[in-house]
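Bear in mind these aren't lab numbers, they're just calculated from the coordinates by the rules spelled out. Here the structure is a predicted model, which means the values were calculated and not measured. Ideal geometry is used to build each Cβ from the backbone, glycine not excepted, and the neighbour counts take in all protein chains shown.
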Amino acid sequence: MRLFVAVDPPPAAVSALERAVGERDERLRWVPPEQWHLTLVFCGDVAETRVADLQERLRRAAARTAPFALHLNGAGTFPKQPARARVLWIAVGGDVPELTRLAERCAAAASRAGIAIEDRKFRPHLTVARARRDAVDARAEVDRLAGFRTEPWPVTQFRLVKSTLGNTVTHETLAELPLAPPSR
């Protein structure tokens, strides 16, 4: 099964972003708002026999992480030149160092569960659209979303998600993993 680990923005942030996106360029394949998330680690295809171990290791990673605050702000593309965009994304602000530590803990959990993950630098972002075929000039979208910013929200959990590809991509939550309660 195809798995990833993600933090979800709250409904208020999703609604604000949906309004800010506005009219959607047809040259882009837009991710449905109900699937917007911040990927902590992409696990790829995982044998069903490894899922329980992965969940337990992710639970331990969550238990070592206190809640923190994030917000969405601005936009960018991969590659960096919006005139040749393949992916349009929204930037993440707030306690990004803690989000990065959580992503590293989740990657280590996956690795310890025997899952081969890509060894690449964590780049926090929320993907809103991908080019359908060739690169797209997304300068207008990036300019329109440059000033976008949500109110901060507390991150108190993350989730393990099964993704099924096809004509319609579906996401199924396999586990919700609460972060450690704040220390007093």
Original post:
When you go through T77, T173, T164 one by one, which is the residue that is surrounded by 14 or more Cβ atoms within 10 Å (Cβ to Cβ), hydroxyl-bearing (S, T, Y) and either touching a residue at least 60 places away in the same chain (Cβ under 8 Å) or under 16 Å from H37 (Cα atoms) (or both)?
Top reply: T77
**OP:** Kindly indicate whether any position in the range 111-118 is among the hydroxyl-bearing types (S, T, Y) and buried (at least 21 other Cβ atoms within 10 Å of the Cβ).
**Re:** no
**OP:** Would you tally the residues in the range 115-147 being among the small types (G, A, S), in a loop (DSSP other than H, G, I, E, B) and either more than 20 Å from the chain's Cα centre (by Cα) or more than 19 Å from L72 (Cβ to Cβ) (or both)?
**Re:** 4
Subject >> Number of the exception - A69 against (1) in contact (Cβ under 8 Å) with a residue 60 or more places away in the chain; (2) surrounded by 15 or more Cβ atoms within 10 Å (Cβ to Cβ); (3) in contact with a Gly (Cβ under 9 Å, 6 or more places away or on another chain) >> reply: (2)
Subject >> Flag if E151 is closer than 30 Å to D25 by Cα, charged (D, E, K, R), in contact (Cβ under 8 Å) with a residue 12 or more places away in the chain and part of a loop (DSSP other than H, G, I, E, B) >> reply: yes
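Per-residue answers, yes or no, for (1) under 16 Å from R123 (Cα atoms); (2) in contact with a strand residue (DSSP E or B) (Cβ under 7 Å, 6 or more places away or on another chain):
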residue: S15; (1), (2): no, no
residue: A20; (1), (2): no, no
residue: R27; (1), (2): no, yes
residue: W30; (1), (2): no, yes
residue: Q35; (1), (2): no, yes
residue: E56; (1), (2): no, no
residue: A69; (1), (2): no, yes
residue: G76; (1), (2): yes, yes
residue: A83; (1), (2): no, no
Subject >> strands (runs of 3 or more DSSP E) completely within the range 1-67 that count 1 or more residues being within 14 Å of the chain's Cα centre (by Cα) >> reply: 2-7, 38-45
